[in-house]
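What follows is a short report on a single structure.
The values are calculated or read from the model by the stated rules, or taken from the named source; none is laboratory data. The structure displayed is predicted, hence computed values, not measured ones. Every residue, glycine among them, receives a Cβ derived from its backbone with ideal geometry; neighbour counts consider all protein chains shown. SASA here: full protein model, heavy atoms, side chains in, ligands and nucleic acids out. Shrake-Rupley method; radii C 1.70, N 1.55, O 1.52, S 1.80 Å.
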Amino acid sequence: MGDTRGGCCPPMDLFRSETMQLVQLIIPMESARLTVYYLGKLGLLQFKDLNSDKSPFQRTYAGQIKKCGEMARTLRFFKEQMLKAGVSPSAKSVEETEIDVDDLEVKLAELEAELTEMNANGEKLQRSYNELVEYKIVLRKAGDFFPSAQHSATARQREMELNQMVEESIETPLLQEQGTSTDLSKQVKLGFVTGLVSRGKSMAFERILFRATRGNVFLEQVPIEAPITDPVSGEKMEKNVFMVFYSGERAKNKILKICDAFGANRYPFAEDCGKQALMISEVSGKISELKSTIDAGLLHRDHLLRTISDQFEQWNLKVKKEKSIHHTLNMLSLDVTKKCLVAEAWSPVFATKQIQDVLQRASVDSNSQVGAIFQVLHTRESPPTYFRTNKFTSAFQEIVDAYGVAKYQEANPGVYTIVTFPFLFAVMFGDWGHGICLLLATLFFIIREKKLSSQKLGDITEMTFGGRYVIMMMSLFSIYTGFIYNECFSVAFDLFAPSAYACRDLSCRDAYSIGLIKVRDTYPFGVDPAWHGTRSELPFLNSLKMKMSILLGVAQMNLGILLSYSNATFFGNSLNIWFQFIPQMIFLNSLFGYLSLLIIVKWCTGSQADLYHIMIYMFLSPTDELGDNQLFPYQKTVQLVLLLLALVSVPWMLLPKPFLLKKRHENRHQGQSYTQVQGTDDALSEAKHDSHGHGHEEFEFSEVFVHQLIHTIEFVLGAVSNTASYLRLWALSLAHSQLSIVFYEKVLLLAWGYNNMVILVVGIIIFIFATVGVLLIMETLSAFLHALRLHWVEFQNKFYEGDGYKFYPFSFILIDDEDY
Amino acid sequence: MYGFEAMTFNIHGGYLEAIVRGHRAGLFTAADYNNLCQCETLDDIKMHLSATEYGPYLQNEPSPLHTTTIVEKCTLKLVDEYKHMLCQATEPLSTFLEYITYGHMIDNVVLIVTGTLHERDVQELLEKCHPLGMFDSIATLAVAQNMRELYRLVLVDTPLAPYFSECITSEDLDDMNIEIMRNTLYKAYLEDFYKFCQKLGGATAEIMSDLLAFEADRRAVNITINSIGTELTRDDRRKLYSNFGLLYPYGHEELAVCEDIDQVRGAMEKYPPYQSIFSKLSYGESQMLDKAFYEEEVKRLCLAFEQQFHYGVFFAYMRLREQEIRNLMWISECVAQNQKSRVHDSVVFIF
């Protein structure tokens, strides 16, 4: 790293984003498509839209895009048809056979026409088939209940007539005779309609019939058990067979209209039993005839669909690619002569050679007389950020990008995140038993990586799979910290050596009162198992973890400030070094760096000094004697100096920078009249990119000052609060270990104590579920979130701008994943 | 409880309000309309629409496109959105949402009845009906011969039943009394909706009463203009005006006696909010009045989004979307018939 710039130095991989350049390509019209096709295969160019003022249909290649849209529609139609017919598109690997787009279009259109015709024919047949099936059912069902229904209908009819007569008799008793005579004639005229109505509508149907005829109908309905296909809509639905008896022409008209309105299919029905039987057999004959025709048609159709399905994926890919090519071509501006297209694109510098090769190949392959011209443009526009990540680093880079994409070429926290993120996680998740469980789970993903990456996973699984290497690192580190904390499902083991402590005598009576004695050398790695279960375990571990959190935090924050130095040197900003980096370094280290020093000294010397007291009185009364709390000679003087330095560094951060900026701006303003002549040759390229690059034009002193003020306050307060924030490492690791102790002692050991198989099994099951659910999943999530916060806030706010934008190249590999 | 909606509104209405505001963000802007107006063919329009929220609804349409298909698909989108909201809604919002569709129901009833009167095919008529105003037995309307039957057979099951109480006559249906029926129904509907909103109280009542009053006044003016020169008596005309709104009651007295468009103008210009509408028109002109009213309505509907915690946004959104579809239909028609010079005549920009 350090003071490197441009493409002169060895690649810095992830430390800074790739150096990018804005290139201009002038492509002859005849080789444009092929060139873009090759560039899409290469996938290292991000084209700029030079026609953003034009609406999509005004662009040069709108016609081709429409064509592709049409083809895509045809393909979707095929897919739908295949889905209906149960033919799945063959998933065999798509080899690149060159098909011409125009040929493909013709072919697709032909196939579509063939398929639609087949469907139309099939539909017609299907419809008459369904009608016949319905008819048959009507004949069967109605035949069953027709006699009884007719009987009751006539009976009711008569009854009604009688009623009417009674009513009428009061007014016109003379007509009574006439009434009875008409009765007979009416009875003869009783007509009926039979048919099918969908069950959902049957109630409304009955109601409307009743209302429309004022109750002068007799309706009989019988449900059909199995759902049948409706001839009109072609959907399966539950239906009722109905039979309406009515009298009179007007009623008939009404009923027919109502039947139409309800989509009830009517079928003729014979009163005579013999005729019914005849009709049934006739209909059955027709049905079997139609059935065979339909089957033959379906077979033919299936055959066609299978042919389509063989090539479907290939065509689909081809159409997608073609569409994206023309989308890209639409972004290029047409030259005045209309003979070539001008493209502007971002590309990484390292790809220059490859791009030139591709251009050459394209012009050779398309037999173009003129080759494409490749030239680098100079621009003030900020280039996109591009990191060449691999499957291991990409997940870590994602963690950083989720906060904000790095500014072009600024120091990338992603590199450090690879180690610090899993490590901070593990500090909170220190238990090697749990770590091994996590490792096994993630190894499952890693081993089956190839298989899993090609298939669609669920939302959560997908996320876990994407972060498999992060989880692997996290689990490895938690195994490591687990050994340091000496915890495996909250149980301590003496793996590295026997414990350094032992009881004073064999009975071990006073182990918990007076304590143990040291019999051997210090335990070589991690916490001595003898601490486990003692009364002083918690105070000891708390003090250890708390101090460790502060050390880790101060170290990480210092790294952040150092990175701001690296940024300042990289971008040649000496102001930031002198008036930001140095005072920040001094401020942080004179307070919390000193605290860290005290912690280490205390650990090394084993002193009894109270660090709280030292820190607090360093501010409140710096001149007082330290007394018992003195850790090293001249401590008071050192503290005084540090305090003064910290105090001085605050105005140092605040004041000089805005004033110097103001002065610099004024100088530049004065010099402007002299430089204007020189700048004329750049005027063209500058005018092109006039929307940006004029950031220094306006200089508002008050704004800059307030900005600096906010920064200073944020840093000074942040130094305290961020350090405190790192104590979450201690808090979460405490919570984790206490929770696992609870599950181990209150579930597993309790169950063990009953000496009963059933209770033991239940206890083990509860223990496993609690461990997996709470400790492995919930605790992982919470520790992950806290580690994320420590990185995003406490670490990255020291240096990271994160206002860049991602490099999104035109590439066929990316297109494959999209669905459109 | 005016002013306290903020405390409880989001319990039931928050999700849907968010949804409807999200939908509103998808409404076309002036830039979209500009692009649409530049289209040369219907395919261009389809291409432009494919980049908007209408995209998925149009993407599977084969290429020779018709205006009706575009409008149908766009309406389908609105209906889908409406149905989604209705499914999620709880009382009283669900009732409120249902109220929005009653207007379409009245129009559909009138459409079917007029159609059958002129002996059109029922299926054909059903296709023309607005999908928001559909109800189960709508096709049965064709059976009815007069108002009484209409009510007794079909409408008694629909939410429109109460509105019918005023227009049950045994007269045979003809164009004139169908039109009167439509206006009577609409009057009853608006009054009922108004009352319902007043009952809801709070910001909903405040905003909706403004929007509904505007609707009522607009209908009053339209009724007046359309009935000039017909045999409708002044009293009958007076009866068709809704009993609320800015014009109620004195404006109605004046409108009832108007004999030509300039008299209407004279009556309306006394009301400041309508003065601006009429000042845009030259004397004796009534052609552009519709557009002027639409523009004013759109302005008011947009204002409904400025306030939170009320149901007016749902009404406003549905109306705005319908206006957008009307615009789209006009543009498509102009494009299809090569009348691009007239594109701007009837398009009402929403933003």
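With all protein chains in place and ligands, DNA and RNA left out, the 1.4 Å accessible area ranks B:Val110, A:Val133 as A:Val133, B:Val110, largest first.
A probe of 1.4 angstrom, applied to the heavy atoms of all protein chains, finds B:Thr233 with accessible area near 70 square angstrom. Length gained on full extension, A:His378 to A:Ser607: 76.1 nm, using 0.36 nm per residue less the C-alpha separation.
For A:Lys41, the lysines whose Cα comes closer than 17 Å to its Cα, not counting residues fewer than 8 places off in the same chain, are A:Lys318, A:Lys320, A:Lys321, A:Lys323, A:Lys353. For the protein assembly as shown, the convex hull drawn through the C-alpha positions has a volume of 316 cubic angstrom per residue.
For the stretch B:220-351, what does the alpha-carbon gyration tensor say about shape, rounded, prolate or oblate, given a ≥ b ≥ c as the root eigenvalues, a/c under 1.5 as rounded, and a/b over b/c as prolate? The shape class here is oblate. Structure remark: mean-square fluctuation, Gaussian network model of chain B, C-alpha springs under 10 Å; the largest value among B:Leu328, B:Leu126, B:Leu320 belongs to B:Leu126. Let a ≥ b ≥ c be the square roots of the eigenvalues of the Cα gyration tensor of the stretch A:418-566; is it rounded (a/c under 1.5), or, if not, prolate (a/b larger than b/c) or oblate? Judged from the Cα gyration tensor, the stretch A:418-566 comes out oblate (a/c at least 1.5, b/c at or above a/b). Averaged over peptide A:209-221, the number of partner chain Cβ atoms lying within 10 Å of each residue's Cβ comes to 1. Placing +1 on the Cβ of every Lys and Arg and -1 on the Cβ of every Asp and Glu, with nothing else charged, gives chain B a dipole about its Cα centre of roughly 660 debye. Magnitude of the charge dipole for the stretch A:497-626, about its Cα centre and with charges confined to Cβ atoms of Lys, Arg (+1) and Asp, Glu (-1), is about 260 debye.
At the nearest 100 Å², what buried accessible area, both sides summed, do you get for B and A when the probe is 1.4 Å?
2000
Remark: the stretch A:320-411 carries a charge dipole of roughly 200 debye about the Cα centre, counting +1 on each Lys and Arg Cβ and -1 on each Asp and Glu Cβ. Within the full protein context, the accessible area of B:Met7 is estimated at about 150 Å² for a probe radius of 1.4 Å. Length gained on full extension, A:Thr307 to A:Val336: 5.8 nm, using 0.36 nm per residue less the C-alpha separation. Cα convex hull, the stretch B:29-184: 158 Å³ per residue, rounded to a whole number.
When the solvent-accessible area of the protein assembly as shown is split by element, carbon and sulfur atoms take up 58 percent of it, the probe being 1.4 Å. When nucleic acids and ligands are ignored and a 1.4 Å probe is applied, A:Ile484 ends up with an accessible area of around 50 Å². With a ≥ b ≥ c taken as the square roots of the eigenvalues of the C-alpha gyration tensor of the stretch A:379-457, please select rounded if a/c is under 1.5 and otherwise prolate if a/b is larger than b/c or oblate if it is not? Verdict is oblate for the stretch A:379-457. Ranking A:Leu760, A:Leu739, A:Leu790 by Cα position along the charge dipole of the stretch A:738-818, where only Lys, Arg, Asp and Glu carry charges on their C-beta atoms, puts A:Leu760 farthest toward the positive end.
In terms of solvent-accessible area of protein heavy atoms at a 1.4 angstrom probe, what is the ranking of A:His711, A:His786, A:His669, highest value first?
The most accessible residue leads, giving A:His669, A:His711, A:His786.
In terms of Cα atoms, the Rg and Dmax of the stretch B:173-234 work out to 14.1, 43 Å.
For chain B, treating each Cα as an identical point scatterer without solvent, what Debye log10 I(q)/I(0) comes out at q = 0.09 1/Å? Debye curve over Cα of chain B, log10 I(q)/I(0) at q = 0.09 Å⁻¹: -0.54. Rolling a 1.4 Å probe over the protein heavy atoms gives the stretch B:29-159 an accessible area of 42 Å² per residue.
Among the lysines, select those whose C-alpha is under 19 Å from the C-alpha of A:Lys252, and discard any that sit fewer than 8 residues away in the same chain. Filter leaves A:Lys186, A:Lys189.
With all protein chains kept in place, the per residue accessible area of chain A amounts to 54 square angstrom at a probe of 1.4 angstrom. The slack in the chain from A:Val638 to A:Asn755, taken as 0.36 nm per residue of separation less the alpha-carbon distance, amounts to 35.8 nm. Summed over qualifying helices (DSSP H, 4 residues or more, each -39500 (n - 2.57)) and divided by its residue number, the protein assembly as shown shows a 222 nm mean residue ellipticity of -20000 deg cm²/dmol. Accessible surface ranking for A:Cys503, B:Cys334, 1.4 angstrom probe, highest first: A:Cys503, B:Cys334. Think of the protein assembly as shown as having a plus end and a minus end, set by charges on the Cβ of Lys, Arg, Asp and Glu; of A:Val774, A:Val342, A:Leu645, A:Leu645 sits farthest toward the positive end of this dipole. For the peptide B:207-218, the mean number of other protein chain Cβ atoms found within 10 angstrom of a residue's Cβ is 0. Could you name the lysines in cross-link range of B:Lys73, using Cα to Cα under 22 Å and dropping any fewer than eight places away on the same chain? Within the straight-line cut-off, B:Lys73 pairs with A:Lys66, A:Lys67, A:Lys79, B:Lys46, B:Lys83, B:Lys128. Between the stretch A:537-556 and the stretch B:65-80, the alpha-carbon centres lie 66 Å apart. For the stretch B:141-154, the Karplus equation 6.51 cos²θ - 1.76 cosθ + 1.60, evaluated at θ = phi - 60°, returns couplings of 3, 5, 6, 5, 9, 9, 3, 4, 5, 3, 5, 5, 7, 10 Hz by residue, with Gly and Pro reported as x.
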